[in-house]
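Data first, discussion second: the structure below is written as structure tokens.
The values are calculated or read from the model by the stated rules, or taken from the named source; none is laboratory data. Note that the coordinates shown come from a computational prediction; the quantities given were computed from them, not determined experimentally. Positions of Cβ are generated from backbone atoms using ideal geometry, with glycine treated the same way; all protein chains shown enter the neighbour counts. Note: accessible area is taken over every heavy atom of the protein model, side chains too, but ligands, DNA and RNA are not part of it. Shrake-Rupley method; radii C 1.70, N 1.55, O 1.52, S 1.80 Å.
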Amino acid sequence: LRARAFKGETWASGAGVENVIGVLPGRNPALPALTLMAHYDSVPGSPGAADDTAGVAAILEIVRAIKAAGVPARDVMVVITDGEEAGLLGANAFFADHPLAAHAGFVLNLEARGGGGRAAMFETGANNGGAIDLFRATAARPSSTSLSVFVYKLLPNDTDFTVAKARGLAGLNYAFIGRQFDYHSPSSTVAALDQGSVQHIGDEVLGTAKALAFSAALPARAPDLVYGDLLGAMVVAYPPWLGWPILAVAAGLIAAGAWRARREGAFFWLDALKGFGAALLLILGAALALHLTRHATGTGFGFTEQRPLLARFALFEVAMGASGLGALLLVAALISSGRTRLAGTWTGLLLSALAAAVALQIAAPTIAFVVAWPLLAAGAVSALSAAGEVPRRAGLGLGLALIAFTLAWLGGFFHTLLQGLDIPEAPALVVWLAAMMLWPLAWPSPEAGGRRFIPGGLALVAGLGIALWMHATSPWSPRHPQAAEPLFIVEPASGKAWRASPVALGPWSRAVLTADGGRVDRRAFPGFSRPIDAAPARAVAAAAPAITVAHGPDGTIVVNAPAAPDVLALRLDLRTDTLIGGVTLNGRPAPILRRPGRWTHLFWKPAPGGLTVSFRPVGPGSLQIGYAQFLNHWPGDATPLPPMPRDVMAWDLAGSTVVVGARRAAW
């Protein structure tokens with residue numbers, strides 16, 4: 001069981017799980033084991049080729065390679081978990097109950113959040129200095145930054161590594177996140193999986209795993225490092241205090257560029273002030289442009305709502321890139337009016353980044369490099385070119401190389417941030433960082449006059465135009481089908497039934513919902529977190545789940561839902577109106593029903609013996625129960641589902657019968 005509190009309510013999930021554990025013996029079994037983790041379960045309706053069969057396959061091949069290299073110094077323990085998607089259930093069960101859990105040493109966890117892309121090492125244990133030293137020495141074509149480690153701590157996302165990390169284990173967590181259309185999707189098949197991504201995650205982990213397996217010592221705990229990869233060629237890492245000398249060098253280069261421009265009579269402090277203001281205007285303008293472009297696609301926000309964008313993500317990325325570039329060019333055109341000079345405005349723009357980098361170095365030094373490294377490169381180009389006023393041929397090649405390399409490096413961040421489709425404004429920060437390198441190229445010529453706004457306007461119009469075209473055209477195809485999740489909901493107590501769908505309706509699913517002549521409307525049902533589309537349907541025979549509430553002789557209340565062969569899942573909403581204690585679920589203490597008057601939402605996958613919740617109330621009271629039982633078939637006496645077109649796919653629990661209802665028990 002796993003439980004979380006959210007907005008005063010408890011959300012819990014549980015199931016019977018079956019992990020697969022194996023040990024490759026090493027020369028010294030007393031040493032902590034290298035632990036390789038992945039999970040073999042998937043979400044309903046998805047083959048899970050990426051998440052996480054790819055991780056399982058990579059681990060099996062890594063173990064084969066280690067075995068072929070000889071007898072390792074320490075045991076290599078493979079933990080293939082079950083129930084990760086339902087709430088890290090297998091990992092929790094292993095680390096809480098299994099005797100081999102105490103043998104686990106350094107953990108390498110393999111995950112996926114899509115069907116392609118480069119494999120990134122995105123999370124570490126605490127005090128990662130030694131682990132990063134190992135990673136940078138052993139990773140092949142590495143993809144990782146300390147920014148991802150910092151940000152992941154702030155996100156609500158979890159993997160099996162979360163459980164190991166909470167128990168104080170050191171380790172590294174890997175995943176690829178490209179082709180997110182296939183994430184938790186029926187399209188996550190071996191045919192759709194990027195084989196290069198599977199190869200890359202295996203290559204990334206193999207070198208590190210071999211080094212750990214054949215070493216007599218695990219990486220030492222040491223303070224967190226600042227680190228990042230340089231386009232997969234190498235990892236640069238250093239202690240946080242070294243960020244100050246880097247910023248000092250960047251400041252010196254900015255000063256050198258301004259000093260050289262002043263000698264040419266081209267630098268004025270008023271222009272620098274305008275450049276500083278241009279940075280703020282650029283961030284706001286780019287955020288607005290990206291916001292408008294995202295909304296122009298007409299796509300909603302949410303996991304399933306954003307799938308039209310994921311079906312054509314490359315095109316969406318072009319639209320957002322064009323709009324971001326348009327904002328940059330328009331701000332440069334606006335600032336260049338009058339007698340404003342390039343040198344001062346570029347220096348002011350660089351000073352805005354220097355101020356931000358100093359603030360980050362004070363508040364969060366492990367992520368200051370995201371601003372400091374581009375700033376260092378831009379400062380070097382400024383120093384070479386007298387802040388853009390006197391470019392010399394001798395330094396032109398170096399300057400262009402620095403610009404190209406830095407823009408490619410920043411492009412990786414732009415690409416990653418865009419994949420957070422619900423925060424389209426975030427990549428505006430990358431546009432601002434890119435402006436440090438592009439500003440001299442974006443600066444209009446003095447002869448341009450009013451025409452200086454044309455390039456930026458055209459880029460912005462192009463971005464918005466692509467987005468509007470995406471809005472006006474269908475993204476669905478046999479490779480990227482539309483999700484459909486038709487459910488037949490029955491309420492035995494009232495004899496009513498509905499055809500319903502938790503995901504957005506397309507032509508096929510709308511026809512399914514209205515097949516019995518009902519009108520589609522939004523409706524709330526027990527067991528669903530929010531109202532869903534539903535239309536009244538012809539009543540069918542369905543029995544309510546055999547949920548019983550018994551009163552024990554010692555005052556204990558026992559709620560039992562027995563197992564049934566055709567049940568996919570059971571959702572129970574429970575609420576008491578009095579204090580209770582001694583809560584157990586299938587005989588184990590459970591952190592649910594903690595506060596009177598607050599709901600516990602329990603999602604339970606079938607397990608032998610069913611589900612039993614027991615508790616001991618402090619005094620008289622009552623228990624409210626709402627339920628939704630998902631059955632693995634469409635009602636036999638209902639109109640059958642029509643064949644799906646090739647551009648539609650069955651999503652999640654599509655085709656299920658859901659029996660809903662509520663009851664109350666008092667004592």
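Considering every alpha-carbon pair of segment 125-271, the percent of pairs per 5 Å bin, from zero through the bin containing the longest distance, is 2, 7, 12, 16, 16, 13, 9, 7, 5, 5, 4, 2, 1.
When Arg141, Arg663 are compared by accessible area at a 1.4 angstrom probe, the order from most to least is Arg141, Arg663. Shape class of segment 5-122 from the Cα gyration tensor (axes a ≥ b ≥ c, square roots of the eigenvalues): oblate, since a/c reaches 1.5 or more and a/b does not exceed b/c. State whether segment 320-459 is rounded, prolate or oblate according to the following rule on the C-alpha gyration tensor (a ≥ b ≥ c being the square roots of its eigenvalues): a/c under 1.5 gives rounded; otherwise a/b larger than b/c gives prolate, and the remaining case gives oblate. Oblate is the answer for segment 320-459, as a/c is 1.5 or above yet b/c matches or exceeds a/b. Solvent exposure of the chain amounts to 42 Å² per residue of accessible area, where only protein heavy atoms count and the probe is 1.4 Å. A 1.4 Å probe over all protein chains sorts Met644, Met437 by accessible area into Met644, Met437, starting with the largest. The chymotrypsin sites (Phe, Trp or Tyr not before Pro) found in segment 392-430 include none that occupy coil by DSSP while having at most 10 further C-beta atoms within 10 Å. Take the Cβ atoms of Thr578 and Ala217, set R0 to 60 Å, and the FRET efficiency comes out at 0.60.
Across segment 629-643, coupling constants 3J(HN,Hα) worked out from phi with the 6.51/-1.76/1.60 Karplus curve, θ = phi - 60°, read 9, 9, 9, 7, 7, 7, x, x, 9, 9, 4, x, 5, x, x Hz, and Gly and Pro carry x.
Between the C-alpha center of segment 303-375 and that of segment 63-109 there is a gap of 42 Å.
Taking every Cα-Cα distance in segment 222-267 and sorting them into 10 Å bins starting at zero, the pair-distance distribution P(r) comes out as 23, 30, 26, 18, 3, 0 percent.
Computed from Cα atoms, the angle from the helix 269-296 axis to the main principal axis of the chain rounds to 30 degrees.
Computed in the context of the full set of protein chains, the accessible area of segment 88-222 at 1.4 Å probe radius has 59% of its extent on carbon or sulfur.
When you work out D = kT/(6 pi eta Rh) for segment 287-354 at 25 °C and 0.890 mPa s, using the Kirkwood radius from C-alpha pairs as Rh and the Stokes-Einstein form, the result is 172 µm²/s. The Rg/Rh ratio for segment 476-635 is 1.04, where Rg is the radius of gyration of the alpha carbons and Rh is the Kirkwood radius.
Here's the picture: a label point sits 7 Å out from the Cα of Ala102 along the beta-carbon direction, and within segment 179-222 nothing has its amide nitrogen under 11 Å of it.
For Ser143, the amide hydrogen comes within under 5 Å of the amide hydrogens of Met121, counting only partners 5 or more places away or on other chains and with H modelled in the peptide plane.
Placing a label point 7 Å from the Cα of Val549 along the Cα-to-Cβ direction, the residues of segment 638-667 whose backbone N falls under 16 Å from that point are 661-667.
Given R₀ = 41 Å, what would the calculated FRET efficiency be for Leu458 paired with Tyr238, taking r from the Cβ atoms and rounding to 0.05?
Taking R0 as 41 Å, the efficiency between Leu458 and Tyr238 is 0.45.
Within the same chain, lysines fewer than 8 places from Lys496 are excluded, and of the rest, those with a Cα less than 27 Å from its Cα are Lys605.
Placing Lys274, Lys605, Lys153, Lys7 in order of accessible area, with the largest value first and a 1.4 Å probe, yields Lys7, Lys153, Lys274, Lys605. Normalised by the residues of the chain, what does the relative contact order come to in percent, with Cα pairs under 8 Å and at least six apart? Computed over the chain, the figure is 13 percent.
Among the protein heavy atoms, those of Thr347 account for about 0 Å² of accessible surface (1.4 Å probe, every chain in place). Over 18 Å apart: what share of the alpha carbon pairs of segment 542-667 falls there, rounded to a whole percent? The proportion of pairs with Cα distances above 18 Å equals 56 percent. Our summary gives segment 289-373 a relative contact order of 21 percent, counting only alpha carbon pairs under 8 angstrom and 6 or more residues apart. With the alpha-carbon atoms of the chain aligned to their principal axes, the span from lowest to highest coordinate is 93, 68, 51 Å, starting with the largest. Since only Phe94, Leu230, Val660 are under comparison, the one whose Cα sits farthest along the positive direction of the charge dipole of the chain, derived from C-beta charges on Lys, Arg, Asp and Glu, is Leu230. Here is how the number arises for the chain: DSSP H runs of 4 or more residues each give -39500 (n - 2.57), the sum is divided by the residue count, and the result at 222 nm is -12500 deg cm²/dmol. Treating the Cα atoms of segment 188-256 as identical point scatterers in vacuum, please give the log10 of the normalised Debye intensity I(q)/I(0) at q = 0.25 Å⁻¹, two decimals. For segment 188-256, the Cα-only Debye profile gives -1.18. Against the empirical curve 2.2 N^0.38 Å, the C-alpha radius of gyration of segment 103-197 lands at a ratio of 1.13. The Cα atoms of segment 450-499 cover 72, 27, 11 Å along the three principal axes, with the biggest extent listed first. For Thr639 and Arg479, a Förster radius of 51 Å and the Cβ-Cβ distance give a FRET efficiency of 0.95, rounded to the nearest 0.05.
The distance between label points at Arg510 and Lys67 comes to 5.6 nm (points 7 Å beyond Cα on the Cα→Cβ vector). Classify segment 110-155 as rounded, prolate or oblate, taking a ≥ b ≥ c as the square roots of the eigenvalues of its Cα gyration tensor: rounded when a/c is under 1.5, otherwise prolate if a/b is larger than b/c and oblate if not. Oblate. Between helix 369-384 and the chain there is an angle of about 20 degrees, using the helix long axis and the longest principal axis of the Cα atoms. Out of all DSSP beta bridges in the chain, what portion is antiparallel? Express it as a percent rounded to 5. So the antiparallel bridges in the chain amount to around 70 percent.
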